[in-house]
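The values are calculated or read from the model by the stated rules, or taken from the named source; none is laboratory data. Worth saying up front: this structure is predicted, and the values here are computed from it rather than measured. Here the Cβ is made from the backbone with ideal geometry for all residues, glycine too, and neighbour counts use every protein chain on show. The area values use the complete protein model at the heavy-atom level, side chains included, leaving out ligands, DNA and RNA. Shrake-Rupley method; radii C 1.70, N 1.55, O 1.52, S 1.80 Å.
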Amino acid sequence: MPTVYVTRRVHFNAAHRLHNPAHSAQWNQETFGLCNHPNWHGHNYVLEVTVAGEPDAETGFVLNLRDLKEILEKRILAKLDHKNLNLDVDFLQGVIPTTENLAVAIWRELEGALPAGRLYRIRLYETERNYVEYYGE
């Protein structure tokens, strides 16, 4: 059977501050610019989760998209949507919440949670023009 890639797109809104407490205020400001604002700033994130696998002979699905929707709602959106990534999200504690780090953390939250297929890619848009991809490497 061929490998098919199935993608679900969701969105969430969240605030964060990029700041490394191991460095000075000046270093943080020079490194992170506006993203270092002490009173946070927000983004309208778009998350794409791609699952790879062979279609099931009985259903034709790699996995049921209803299942993926429920997993994303429970494991990701409930924890991230309308939250402060620095303060409110258990799986981001101690992590600078860049889009890169957030994509890796989302992968780790989903890894092993899928009933079928295998997690192939996380694509996370921070803005319409900026996104990162993570393939679990």
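With the full set of protein chains in place, find how many percent of the accessible area of the chain is carbon and sulfur; take the probe as 1.4 Å. Carbon and sulfur atoms account for 48 percent of the accessible area of the chain.
Taking every protein chain into account, the accessible area of the stretch 1-62 amounts to 61 square angstrom per residue (probe 1.4 Å). With the convex hull constructed from alpha-carbon coordinates only, the stretch 1-118 shows a mean projected area of 8.1 nm² over all directions. Each Lys and Arg Cβ is given +1 and each Asp and Glu Cβ -1; about its Cα centre, the stretch 45-137 then shows a dipole of about 140 debye. Of the residues 114, 77, 16, the one whose Cα sits farthest toward the positive end of the charge dipole of the stretch 1-123, with +1 on the Cβ of Lys and Arg and -1 on the Cβ of Asp and Glu, is 16. Were the residues from residue 78 through residue 48 laid out at 0.36 nm apart, the gain over their Cα-Cα distance would be 9.2 nm. Sorted on the mean count of surrounding Cβ atoms within 10 Å across their residues, most packed first, peptides 67-74, 28-35 read 67-74, 28-35. Spatially, the stretch 1-22 and the stretch 65-137 are offset by 4 Å when compared through their Cα centroids.
Residues of the stretch 15-58 falling in the label zone of residue 87, defined by backbone nitrogen less than 19 Å from a point 7 Å along Cα to beta-carbon, are 15-21, 35-44.
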